[in-house]
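Everything on this sheet refers to the single structure shown next.
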Amino acid sequence: MANVSIIIGSTSDQELGDKATQILDDFGVTYDLQVISAHRNPEKLAEYVKKSPAKVFITIAGLAAALPGVVAAQTIKPVIGVPKEVKLGGLDSLLSIVQMPTGVPVATVGIDGAKNASLLAIEILALQDEKLAEKLNEYREKRARS
């Protein structure tokens with residue numbers, strides 16, 4: 001069973017998806033990566049989100065960046081949005097993800113911040129997993145020393 005679901009809107013987002021999975025692999029966190037467009041396949045996306053056993057969703061999207069908001073509308077589980085730099089320096093994607101209406105929040109990391117999205121997902125999971133919390137502390141201590 002995957003603890004994190006990573007959803008990318010198209011195969012052009014794969015590079016950021018790979019950055020997210022690298023961090024999760026480093027921490028031994030299980031994940032499922034799916035390519036599902038909020039615009040081209042909304043029914044498939046809704047079905048996947050509703051059936052997913054994941055505890056946290058990471059969504060990576062550029063341009064209009066509707067994917068994180070659409071996922072958040074389908075679940076009460078945490079959704080982390082990663083805005084992708086495609087045009088306008090990624091500001092268009094960032095604003096689309098950050099400006100969610102009250103009641104449907106999306107945690108948002110910086111533009112192209114897939115690694116931080118995975119670290120945030122790990123922090124959320126570590127609230128209920130002491131071994132994962134220890135790994136996260138070790139990771140931070142190692143980064144502080146370097």
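Values in this text are rule-based calculations from the coordinates and carry no lab data. Because the structure is a prediction, the values reported are computed rather than measured. Neighbour counts are summed over all protein chains in view; Cβ atoms, including those assigned to glycine, are modelled from backbone coordinates with ideal geometry.
Can you tell me the alpha carbon radius of gyration of segment 1-140 divided by the globular rule-of-thumb value 2.2 N^0.38 Å? It would help to have the intermediate numbers written out before the result.
Values: Rg = 13.9 Å, N = 140, 2.2 N^0.38 = 14.4 Å.
Against the empirical 2.2 N^0.38 Å value, I get 0.97 for segment 1-140.
For the chain, what is the calculated [θ] at 222 nm in deg cm²/dmol (nearest 500), taking -39500 (n - 2.57) for each run of four or more DSSP H residues and dividing by its residue count? Mind showing how you got there, number by number?
Values: 6 runs with 69 residues, N = 146.
Only helices count here, giving -14500 deg cm²/dmol.
Where is the GNM fluctuation largest for the chain (alpha-carbon springs, 10 angstrom cutoff): Pro105, Pro53, Pro68? Among Pro105, Pro53, Pro68, the largest GNM mean-square fluctuation belongs to Pro53. For the chain, a Gaussian network of Cα nodes joined below 10 Å ranks Lys55, Lys19, Lys77 by mean-square fluctuation, and the top entry is Lys77. Neighbours of Val109 by Cβ distance under 15 Å: Lys/Arg scored +1, Asp/Glu scored -1, total -1. Distance between the modelled labels on Thr75 and Tyr139, one decimal in nanometres: 1.8 nm (7 Å Cα→Cβ projection).
Assuming R0 = 25 Å, can you tell me the calculated FRET efficiency for the pair Leu91 and His39, based on Cβ-Cβ distance, to the nearest 0.05?
Working: r = 20 Å, r/R0 = 0.79.
E(calc), rounded to 0.05, equals 0.80.
Within the chain, how many Lys pairs sit with Cα atoms under 16 Å apart, leaving out pairs fewer than 8 places apart on the same chain?
Values: Lys19/Lys84; Lys19/Lys115; Lys50/Lys77; Lys51/Lys77; Lys55/Lys77; Lys84/Lys115; Lys115/Lys135.
Taking the chain as the scope, the lysine pair count is 7.
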